[in-house]
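**Student:** First the structure, which I've put down as structure tokens, then a few questions once you've had a look.
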Amino acid sequence: MQFNRILSLGTAVAIAAMSSIPAMAAGDDVVTRESSSAFADVAQAAQDAIINRGYTIDYHGFIGDMLKRTAGDVGASKELYKDAEFFTFCSAVVSRSVMETDIGDIAYCPYVVFVYEEAAMPGKVTVGFRSLPEGGARDQVNDLLTEIVDEAAKGF
């Protein structure tokens, strides 16, 4: 119990410190598609688009649930998402090609596809990814992720 109080206090202090940092919008490296399909359909379509290409999802994160669950702990009063999830995965073939070209490209693995529905914009679902810098073998990752989010945006 004491540990949870300390953890909550530490989290609150960290968030208070970050609140003085200016808010920044997603950069030009974020690629998104919009969908009017139901959130659950778009999230399932993203998952299917990854798995149907033969990739294993390493982690399925429920960031929207986490933000809702911890809102009281951090003093949040604004609801950000109606729902928000992400999927991480890697491709042995594509990743090897990318990293053989530039060993430092390990920084981009695993790949992440996110899906969210803003609380303020119900009915509009966004699916996307953060693109790798253009050029060389990294382009195949951007092409792969673009195919996945395009497919996911169509829903079922």
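**Student:** Under 7 Å by Cβ, and 6 or more places apart or on different chains, what pairs join a residue from the stretch 47-61 that is touching a residue at least 24 places away in the same chain (Cβ under 8 Å) and within 15 Å of PHE129 (Cβ to Cβ) with one that is surrounded by fewer than 14 Cβ atoms within 10 Å (Cβ to Cβ) and of a type in the set (A, V, I, L, M)?
**Tutor:** From the stretch 47-61, the pairs are ILE57/ILE51.
**Student:** Then there is this: Does GLU134 satisfy the criteria of being closer than 19 Å to ASP29 by Cα, free of Cβ contacts under 8 Å to residues at least 60 places away in the same chain, outside any strand (DSSP E or B) and of a type in the set (Asp, Glu)?
**Tutor:** Yes, satisfied.
**Student:** Consider only pairs whose beta carbons are under 8 Å apart and that are at least six residues apart or on different chains; among these, list those whose first residue lies in the stretch 72-84 and is of a type in the set (A, V, I, L, M, F, W, C) and whose second residue is surrounded by 13 or more Cβ atoms within 10 Å (Cβ to Cβ) and in a loop (DSSP other than H, G, I, E, B).
**Tutor:** Cβ pairs passing all conditions: LEU80/ALA119; ALA84/PHE62.
**Student:** Looking only at the stretch 137-156, which residues are under 26 Å from MET99 (Cα atoms) and assigned to a loop (DSSP other than H, G, I, E, B)?
**Tutor:** ALA137
**Student:** Are there any pairs with C-beta distances below 6 angstrom linking a residue in the stretch 110-122 that is more than 17 Å from VAL31 (Cβ to Cβ) to a residue that is part of a strand (DSSP E or B), with the two at least 6 apart or on different chains, and if so which?
**Tutor:** Once the first residue is more than 17 Å from VAL31 (Cβ to Cβ) and sits in the stretch 110-122, its partners that are part of a strand (DSSP E or B) give GLU117/LYS82; GLU117/ASP83; GLU117/VAL125; ALA119/TYR81; ALA119/LYS82; PRO122/LYS82.
**Student:** Also, I was wondering about something else. Counting residues that are in contact with a helix residue (DSSP H, G or I) (Cβ under 7 Å, 6 or more places away or on another chain) and within 18 Å of ASN142 (Cα to Cα), which helices (runs of 4 or more DSSP H) fully inside the stretch 22-101 reach at least 2?
**Tutor:** So the answer is 39-51, 92-101.
Readers should treat all values here as calculations from the given coordinates under stated rules, not as data from a laboratory. From a predicted model like this one, the values you see are computed outputs, not experimental measurements. When we count neighbours, we look across all protein chains shown, and the Cβ atoms used for this are built from the backbone with ideal geometry, even at glycine.
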